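Below is one structure, written out as structure tokens; comments come after it.
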Amino acid sequence: MAVDELQAIIQRCQILEEADFKGEDFNLFQVAGQKCLEDGYAAQLLEVIQNEKNKVIIKNMGWNLISPLVRCIFMYKLEDDKREHCLKILDQLAQLCNPKELFLGLLEQIEQTSGEQVCQTVLLLLQPLQTGKMHFLSLAGFAHVISGISPSPSLKLKACLCKDKLGLCQCCNAVVDFAKPFVNEVVKNMEKSSEYNDMELKEELLKFCMKSLKYPLLTAQLEQLEGIEEHPFRRFATEIIDILWDIRELIPLVFLHRKGKSPHWENQEFADIEQKNSADSLACLSYLMFVQHFGIDYFPVVFSPSYLLQCNMTHIEVLLKRNYVFFVQLQDLVKVMTLCPIEHLRKKSLNILQLFIDKFDAEGKYTLFRCLLKTSNHAGVEGYVIKNIKDQIHLSLTKACDNIWFTGHHLVSLLDLVLLLPEGAETDLLQNSDRIMASLNLLRYLVIKDCESDNQTGVWTTLAKIEQNFLKPLHVGLNMSKAHYEAEIKNKKENRREAHSSNTVCSLTVSGEKMPAMTTDMQLQVLHSALFTFDLIESVLARVEELIEVKTKAVMDENS
């Protein structure tokens with residue numbers, strides 16, 4: 001029976017000195033305690049923990065029960081007595097265990113959970129942690145936990161905030177409430193003495209605020225939304241600013257980069273990470289105060305605008321250099337689309353990419369397309385983006401509203417990235433065929449839809465550049481590629497005749513990996529397929545040039 005096993009271990013450890021506890025004792029205690037919880041003997045385990053004779057044992061070993069204890073709490077229903085016993089055990093462990101070991105156990109448990117249960121676990125563990133001996137361990141630790149909660153993937157901000165499925169907003173505000181008694185303690189001690197010497201708690205509060213500024217506030221959307229009475233991130237930002245003001249760190253942080261207070265790292269990589277995190281946090285603080293006006297009432301109105309601009313130039317530089325989170329998500333999607341070996345996941349990621357694109361307004365789509373064209377390094381992705389660009393141009397030309405991002409000089413700048421060959425005439429046309437065909441179809445559409453007299457897209461004023469950078473090199477590349485593949489076909493046919501067999505097998509190695517063996521007939525089929533692709537490109541190219549010639553001649557005839 002689990003309880004008997006636990007009692008046997010307890011009796012053995014009771015006669016040992018604290019220093020004589022071994023690793024085996026810890027393991028046996030954890031296994032027996034976990035079995036008691038899983039078999040429904042939480043009440044008996046609680047009696048063992050409450051027994052004064054076992055105080056030293058629980059102090060050293062009790063933190064090992066955190067993980068099974070939390071699992072059982074979530075397993076039982078609210079009204080179940082066993083759940084109540086588990087909660088009492090958790091409270092006892094918070095009172096009796098070594099603070100550092102217990103908190104590490106709590107953090108480990110939180111980090112092992114995922115999704116919606118992270119928030120539930122954090123909220124569950126906050127209350128027992130609200131003890132004097134654990135406060136400075138808890139604050140920075142929970143800020144670290146919050147940074148691990150991914151925001152809802154939905155880009156519909158209002159729905160995201162209302163549902164808060166992963167509990168990020170709820171966690172943020174719960175941890176702030178958790179911090180308030182410690183803020184009051186620091187404030188009270190500072191009021192007693194102008195020279196506040198107990199800096200440990202104050203430093204932990206400062207770390208908590210700096211981590212919270214880095215995440216989630218640096219990436220949070222803070223605009224007030226209709227239908228939401230209290231924007232949770234705005235409340236969180238207000239609370240963080242208030243804490244900094246209360247502990248007398250707000251104004252120093254706004255003006256100082258705190259270089260003297262950075263920890264010394266022997267490892268330069270760690271020092272660089274610390275400096276970057278601090279720079280991000282301070283930039284976020286500057287943005288909250290001077291753009292969103294959080295805590296602006298605390299700010300002394302004695303500085304000139306030019307001085308404030310000078311002070312904020314470093315923060316502006318940090319923010320301008322940041323890669324925003326949606327670009328990272330975008331790159332991850334592209335990796336799945338292009339590298340994942342599972343077909344249905346590649347297709348699903350393509351659908352997600354389109355949903356992702358559709359969430360942005362015209363300016364956002366424009367920026368997104370530029371980013372993808374510059375970073376994807378994949379012809380298929382680039383071709384898909386170019387098709388999306390064509391769709392946006394079509395909307396701009398057919399809608400009554402004026403869309404500046406897919407007409408005029410903005411579009412011309414985007415076309416510079418689209419209507420060119422990456423390596424000129426030497427570009428691998430077969431590998432880039434998806435991109436080239438999409439580019440030609442886009443150019444054909446522009447020539448058909450946009451009259452030279454209107455020139456809404458700007459394509460007619462940049463025609464000379466398009467011919468120089470795209471059409472002429474494409475002609476040369478097609479001639480070179482066709483000649484090369486035709487020569488290869490001729491060689492294969494001659495080699496086949498010499499071998500008197502069409503079943504000669506050849507091996508092929510790609511990126512260091514040996515591909516399935518190919519007969520001469522199979523190789524010829526591949527080569528003919530490539531020639532067919534070149535013919536297709538050539539036919540569309542000829543049609544585009546024909547349309548350009550017809551339209552240009554028509555305008556010349558009108559002017560003559």
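The values are calculated or read from the model by the stated rules, or taken from the named source; none is laboratory data. This one's a predicted model, so the numbers in the text were calculated from it and none came from an experiment. So basically every Cβ, Gly included, is an ideal-geometry build from the backbone, and we count neighbours across all protein chains shown. Surface accessibility is based on the protein's heavy atoms, side chains included, excluding ligands, DNA and RNA. Shrake-Rupley method; radii C 1.70, N 1.55, O 1.52, S 1.80 Å.
Using amide H atoms built in the peptide plane, which far-off residues or other-chain residues are under 5 Å from residue 519 H to H?
506
Could you work out the local net charge near residue 488, counting Lys and Arg as +1, Asp and Glu as -1, over the other residues with Cβ closer than 15 Å to its Cβ?
Details: positive: 482, 490, 492, 493, 496; negative: 428, 486, 494, 521.
My count for the surroundings of residue 488 gives +1.
What is the distance in Å between the Cα centres of the stretch 66-91 and the stretch 380-455?
61 Å
What are the residues whose amide H is under 5 Å from the amide H of residue 459, where those residues sit 5 or more places off or on another chain and H is modelled from the backbone?
Amide H neighbours of residue 459: none.
Probe 1.4 Å, all protein chains in place: accessible area of residue 101 in Å², nearest 10?
70 Å²
Averaged per residue, what accessible surface does the stretch 405-444 expose to a 1.4 Å probe, in Å²? Don't jump to the answer; show the numbers that get you there.
Numbers: 1580 Å² over 40 residues.
Normalised by residue count, the accessible surface of the stretch 405-444 is 39 Å².
What list of ³J(HN,Hα) values in whole Hz, one per residue of the stretch 425-431 in order, does the Karplus curve 6.51 cos²θ - 1.76 cosθ + 1.60 (θ = phi - 60°) give from phi, with Gly and Pro shown as x?
5, 8, 4, 6, 5, 5, 5
Rounded to two decimals, what is the ratio between the C-alpha radius of gyration of the stretch 366-453 and 2.2 N^0.38 Å?
Working: Rg = 13.1 Å, N = 88, 2.2 N^0.38 = 12.1 Å.
After normalising by residue count via 2.2 N^0.38 Å, the value is 1.08.
Compute the accessible area per residue over the stretch 5-131, keeping the other protein chains in place, probe 1.4 Å, unit Å². It would help to have the intermediate numbers written out before the result.
On the way: 6560 Å² over 127 residues.
Accessible area per residue: 52 Å².
Shape call for the stretch 70-130 from the C-alpha gyration tensor, a ≥ b ≥ c root eigenvalues: rounded (a/c under 1.5), prolate (a/b greater than b/c) or oblate?
Details: a/c = 2.14, a/b = 1.12, b/c = 1.91.
Taking the square roots of the gyration eigenvalues as a ≥ b ≥ c, the stretch 70-130 is oblate.
Using a Förster distance of 51 Å, how high is the FRET efficiency between residue 377 and residue 310, based on the Cβ-Cβ distance and rounded to 0.05?
Here the calculated transfer efficiency is 0.80.
Can you compute the FRET efficiency between residue 88 and residue 336 using 1/(1 + (r/R0)^6), with r the Cβ-Cβ distance and R0 = 35 Å? Round to the nearest 0.05.
Working: r = 46 Å, r/R0 = 1.33.
The computed FRET efficiency comes out at 0.15.
Leaving ligands, DNA and RNA out of it, report the carbon-plus-sulfur percent of the accessible area of the stretch 356-466 at a 1.4 Å probe. Please list the in-between numbers first.
Numbers: 2450 of 4980 Å².
Summing carbon and sulfur atoms, their accessible area is 49 percent of the total for the stretch 356-466.
Show me the ranking of peptides 365-371, 119-125 by mean Cβ neighbours inside 10 Å, starting with the highest. Mind dumping the intermediate values first?
Numbers: 365-371: 18.6, 119-125: 20.4.
The most tightly packed comes first, giving 119-125, 365-371.
For the stretch 293-390, what does the accessible surface come to per residue with a 1.4 Å probe? Please give it in Å². Intermediate results must be reported in sequence, preceding the final value.
Details: 5980 Å² over 98 residues.
Per residue, the stretch 293-390 has 61 Å² of solvent-accessible surface.
Classify the stretch 319-402 as rounded, prolate or oblate from the Cα gyration tensor: take a ≥ b ≥ c as the square roots of its eigenvalues, call it rounded if a/c is under 1.5, otherwise prolate when a/b beats b/c and oblate if not.
Numbers: a/c = 2.07, a/b = 1.36, b/c = 1.52.
Here the stretch 319-402 falls in the oblate category.
How many nm separate the modelled label positions at residue 461 and residue 538, each set 7 Å beyond the Cα in the direction of the Cβ?
Roughly 3.6 nm, to one decimal.
Report residue 428's accessible area, 1.4 Å probe, all protein chains in place, as a number in Å² to the nearest 10.
Only protein atoms counted, so the area is about 70 Å².
Sorted by average packing, counted as other Cβ atoms within 10 angstrom per residue and highest first, what order do 329-337, 66-74 take?
Averaged packing, sorted descending, gives the order 66-74, 329-337.
Multiply the residue gap between residue 303 and residue 495 by 0.36 nm, knock off their C-alpha separation, and tell me the result in nm, one decimal place.
Numbers: separation 192, 0.36 × 192 = 69.12 nm, distance 8.43 nm.
Going from the current span to full extension adds 60.7 nm.
Please sort by residue number the chymotrypsin sites (Phe, Trp or Tyr not before Pro) in the stretch 1-69 whose DSSP state is loop and whose Cβ has at most 16 other Cβ atoms within 10 Å.
Taking the stretch 1-69 and a limit of 16 other Cβ atoms within 10 Å, the loop chymotrypsin sites (Phe, Trp or Tyr not before Pro) found are 21.
Read phi for every residue in the stretch 471-484 and hand back ³J(HN,Hα) as whole Hz from Karplus 6.51 cos²θ - 1.76 cosθ + 1.60, θ = phi - 60°, with x for Gly and Pro.
Values per residue, Gly and Pro as x: 5, 5, x, 5, 4, 4, x, 5, 4, 5, 5, 5, 4, 5 Hz.
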